[in-house]
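See structure below.
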Amino acid sequence: MATKVTPLSGFPELLPAERLLELHFLDTIREVFELHGFTPIETRAVEPVERLLGQGGDADKEIYGLRRLAADDEDKGAELGLHFDLTVPFARYVLEHAGKLDFPFRRYQIQKVWRGERPQQGRFREFTQADIDVVDVGALAPHFEAEMPLVIAEVFSRLPVGEFHIQVNNRKITEGFYRGLGLTDNAGTLRIVDKLDKIGAANVRALLVESGATEEQAAGCLALAEIRSDDTSFVDQVRALGVDHPVLDEGLAELAAVIETGRSVAPGVLVADLRIARGLDYYTGTVYETQLVGGEAWGSVCSGGRYDSLASDGRTTYPGVGISIGVSRLVHLLIDNRGLTTSRRTPAAVLVAVTDEESRPHSTAVATALRARGIPCEVAPKADRFGKQIRYADRRGIPYVWFPGGRDDSGERPDQVKDIRSGEQVEADPSTWVCPDADLRPAVVTLTR
RNA sequence: GUGGGUGUAGCUCAGCUGGUAGAGCGCUGCGUUGUGGUCGCAGAUGUCGCGGGUUCAAAUCCCGUCACUCACCCCA
């Protein structure tokens, strides 16, 4: 069947060089997560739809349903859906395996997730997230809320992402403030205020009034949303607005603690920003959002928050806090906007040339010797003219070509290896030859355009 | 789901008010009997998204459809 192949919207695929770049990111993320003692798990791709919809029950989460094509109408069973994040499956996992886990339980999880929303720049239907979470039994110590973004900051400091800001807010601040103002539709208000960056203060004010707020209440919401600071001075700024509510007090204290810890451990990374509201609806306290400086149009590349009642079996509640790197969005942003890629489109550092098919075993032996010492290499597929074999390497970005020696009229000739970037060619022995560490793996590079 | 834009060579695109398909890059070969990149010469490649309509004639005009894309919603 010769059907035309076309891309599937929202299901991106990378070419080899970019996939190598993504793997570099994934390797770095995993390494830092493990350095911080997070333990790996993987959950199945599907959950019962009922669980995915959760307590909220709002069906507009754009969940992909799953069913057997051969299933007939009677064959109902549990309805399954692909998970749309890693936190909900994790909460279920904790409940299911609580008896065998050690609390507080720190885990990391790097997997694909699916959302049926309309794709756009940086928004896919299938994408990879890298999550860390900590859950405990009954109560969760607040210092974990400061730890999460600091781990992320360490990940990002090892990746070529440039400058970034992790913005932190606390849902109790907005909720307490709105209630103190006399506004009851917390989620609705938050949603409108969240558009501030996009549509401006005047439009937000108009929308708030349209939704039933008074001019004074709208002004209050905007004033709160304007507040941001990289220290705890935001507390006084909020106090100055003259709104009082016990939930607001709680939120201010919690956020102040997070910012204070952040300041002492990694100055300049965390910013209290009282306008940020995004994130899933199960967050109950601290929420995080991360923007790359210059990449604001792509939205947050890393978000999360604290959830107090996501995992509960009725008797025991396991509160948690977590944060998730949007690996696909981050990598695509850097590829598309900053021309990031890798120095070659294969892991191979060396191409071992083949003189003629009779001597292919010699070339294979060279490759085996190199691999034994951790040097990635491949043997030329065809005993072409050396010019063509060099071009084969050049196309792929392989930096070295190995020429096997042998016997000719002038006697025994040693192996030689050529750096095809500089043209330098030297005699070499496959059991001792080394290349600079920088050449061993594909390097991250920026395309000059 | 709603609204806008776009579908022509592997890629980026040109092709006016209809006259039978082009450029650049890339690719293949040769100059260069085993050492590439530059340069020169030669060459290959298209159901012009799909279906229908108008017409002597459609990539071009009309209708439909599909896909991609941007925005809204929502979010990594």
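Please treat every number below as a calculation from the coordinates, not as lab data. Computed from a predicted model, the values in this text were never measured in an experiment. Neighbour counts are summed over all protein chains in view; Cβ atoms, including those assigned to glycine, are modelled from backbone coordinates with ideal geometry.
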May I ask you to list the trypsin sites (Lys or Arg not before Pro) in the range A:179-216 that are in a DSSP loop and have at most 16 other Cβ atoms within 10 Å of their Cβ? A:K195
Going Cα to Cα from A:K112, which aspartates and glutamates come in below 19 Å? Please leave out same-chain ones fewer than 8 positions away. A:E13, A:E18, A:E22, A:D27, A:E31, A:E42, A:E47, A:E62, A:D85, A:E126, A:D131, A:D133
The longest stretch of chain A containing none of the GluC sites (Glu not before Pro) that sit in a DSSP loop with at most 15 other Cβ atoms within 10 Å is A:227-423
With R₀ set to 45 angstrom, the calculated FRET efficiency between the beta-carbons of A:N186 and A:T446, to the nearest 0.05, is 0.55
Work from the charge dipole of chain A (Cβ charges, +1 for Lys and Arg, -1 for Asp and Glu, about the Cα centre) and give the residue of A:L241, A:V5, A:T342 farthest towards its positive end. A:V5
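Multiply the residue gap between A:A253 and A:L8 by 0.36 nm, knock off their C-alpha separation, and tell me the result in nm, one decimal place.
Result: 83.5 nm gained on full extension.
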What does the extension gain come out to for A:T39 and A:K100, with contour length at 0.36 nm per residue minus their alpha carbon separation? 20.6 nm
Post the alpha-carbon centroid distance, the range A:13-48 to the range A:297-328, in whole angstrom. 18
